[in-house]
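Engineer: First, the structure itself, so that you have it in front of you.
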Amino acid sequence: MAKSEKAQEKSVDSVIAQNRKARHDYQILESVECGIVLRGTEVKSCRMRSVSMQDSFAKAERNQILVYNLNISPYSHGNIFNHTPVRPRVLLLHKREILRIAQRVKEKGLALVPLKMYLTRGKVKIELGLARGKAFEDKRETLRKRQEDLELRRNYKLR
């Protein structure tokens with residue numbers, strides 16, 4: 001039996017928050033989709049898109065990966081048992097994946113950066129990036145390339 005149109009719309013990934021600064025400051029080498037452990041009111045706040053990924057980062061500790069400085073605002077219709085906005089949250093990955101990521105971070109001096117948070121089939125997911133920091137010159141080069149692309153598109157559009 002085919003899904004109804006509403007069910008198909010809901011199954012489409014909807015982005016909750018993006019970490020745009022991460023793509024500017026880091027060169028993303030690999031990305032991994034992982035789940036996140038949330039409390040009830042945190043899920044409701046995520047659905048309302050009241051999430052800030054600014055300055056958030058992840059670390060591998062004690063055979064688990066934790067994300068820090070991820071700000072999920074308190075749920076507006078919550079009660080006294082509302083969640084704390086900024087706390088370490090556990091990311092859900094297979095043990096093999098955790099060990100592989102932890103090993104790569106240790107060996108090569110890479111960083112774990114949350115890139116975006118989104119809903120998939122009712123579940124909140126985070127796209128975690130294995131990244132290397134960009135030097136100032138690399139950032140300028142990226143801006144220069146972007147500017148050249150913009151000029152090319154403008155010239156093409158005018159013709």
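Engineer: Which residues, taken from region 84-107, are free of Cβ contacts under 8 Å to residues at least 60 places away in the same chain, aliphatic (A, V, I, L, M) and farther than 25 Å from GLU42 by Cα?
Structural biologist: Selection gives LEU99, ALA102, VAL105.
Engineer: Looking only at region 111-118, decide whether some residue is of a type in the set (Gly, Ala, Ser), under 17 Å from ASP55 (Cβ atoms) and in contact (Cβ under 8 Å) with a residue 24 or more places away in the chain.
Structural biologist: Filtering region 111-118 for residues of a type in the set (Gly, Ala, Ser) gives 111.
The next check asks that each one be under 17 Å from ASP55 (Cβ atoms); those that pass are 111.
This time we only want the ones that are in contact (Cβ under 8 Å) with a residue 24 or more places away in the chain, so: 111.
For region 111-118, residues of a type in the set (Gly, Ala, Ser), under 17 Å from ASP55 (Cβ atoms) and in contact (Cβ under 8 Å) with a residue 24 or more places away in the chain: present.
Engineer: So, one more: Return the residues of region 40-73 that are surrounded by fewer than 15 Cβ atoms within 10 Å (Cβ to Cβ) and touching a helix residue (DSSP H, G or I) at 6+ places or on another chain (Cβ under 7 Å); say none if nothing qualifies.
Structural biologist: GLN54, ASN63
Engineer: Would you mention how many residues in region 78-124 are of a type in the set (Lys, Arg) and either in a loop (DSSP other than H, G, I, E, B) or within 16 Å of the chain's Cα centre (by Cα) (or both)?
Structural biologist: Residues of region 78-124 that are of a type in the set (Lys, Arg), as a first pass: 87, 89, 95-96, 100, 104, 106, 108, 116, 121, 123.
Okay, now just the ones that are also either in a loop (DSSP other than H, G, I, E, B) or within 16 Å of the chain's Cα centre (by Cα) (or both), so 87, 89, 116, 121, 123.
Total meeting the criteria: 5.
A short reminder: the numbers here are calculations on the coordinates, not readings from a lab. Keep in mind that what you see is a predicted model, and the values were worked out from it rather than measured. Every residue, glycine among them, receives a Cβ derived from its backbone with ideal geometry; neighbour counts consider all protein chains shown.
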